[in-house]
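Scroll down for the structure; my scribbles are underneath it.
The values are calculated or read from the model by the stated rules, or taken from the named source; none is laboratory data. Everything numeric in this text was worked out from a predicted model, so none of it was measured. So basically every Cβ, Gly included, is an ideal-geometry build from the backbone, and we count neighbours across all protein chains shown. The protein model used for the area step is the full one, side chains on, heavy atoms only, and it has no ligands, DNA or RNA in it. Shrake-Rupley method; radii C 1.70, N 1.55, O 1.52, S 1.80 Å.
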Amino acid sequence: DLDALEKGDIRAGLGTVSINYLISDIARLPKLLGGLRFGTICSHTVWEHFLQFDIALRTIKEICAPGGIHYHYIDFVDHKAYTAPERYDFWTFLTAPRNEYDPLCNKIRCSEMHELIKNVGFGIAEWKPEEADYPAGLREQLHKDWKHLSDADLRAIRVSCVLQS
């Protein structure tokens, strides 16, 4: 039930699917799991927090069973807007250099995420961006590292996606 998953209700979204929870540093998962592979993987606002995204994405691919189905809800906004909305908005981090350290999110944009996922070998069965209007004058405030972004990438604040391994 994609609508339930988009709302973060994983139990309703997966229905009667058996769920096992494991908390670990993602880079350790293959060793912890041995040869175990997953047919279904779900995450809700997690992927934007992988600061070493290439390692995380390859690890996720490694622990996926062939033909497995995955649901991920990914948040592309400046997370400081959640804790200090009087100082930050969803796009504030785009006014600073891309490589400026941000311990809250990896700053990967929607179109970049799409390409990275395809390049690692996942099939993309569904890709539903959620959009919001960005503030007037944002284009002029963008750091040079972000000037190339399309309007669609600036508007994309989250995405719901279904992937196949």
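Computed values, structure above
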{"quantity": "Contacts under 6 angstrom Cβ, first residue in region 1-19 being within 16 Å of T40 (Cα to Cα) and free of Cβ contacts under 8 Å to residues at least 60 places away in the same chain, partner in a loop (DSSP other than H, G, I, E, B) and open to solvent by less than 50 Å² (accessible area, probe 1.4 Å), 6 or more apart", "calculated": "none"}
{"quantity": "Filter result for the condition that a residue is touching a Gly at 6+ places or on another chain (Cβ under 6 Å) and not hydroxyl-bearing (S, T, Y), over H44, H49", "calculated": "H44"}
{"quantity": "Helices (runs of 4 or more DSSP H) (entirely within region 1-85) containing at least 2 residues that are buried (at least 16 other Cβ atoms within 10 Å of the Cβ)", "calculated": "2-6, 10-14, 53-62, 80-83"}
{"quantity": "Filter result for A81 (of a type in the set (A, V, I, L, M, F, W, C) and over 27 Å from R155 (Cα atoms))", "calculated": "no"}
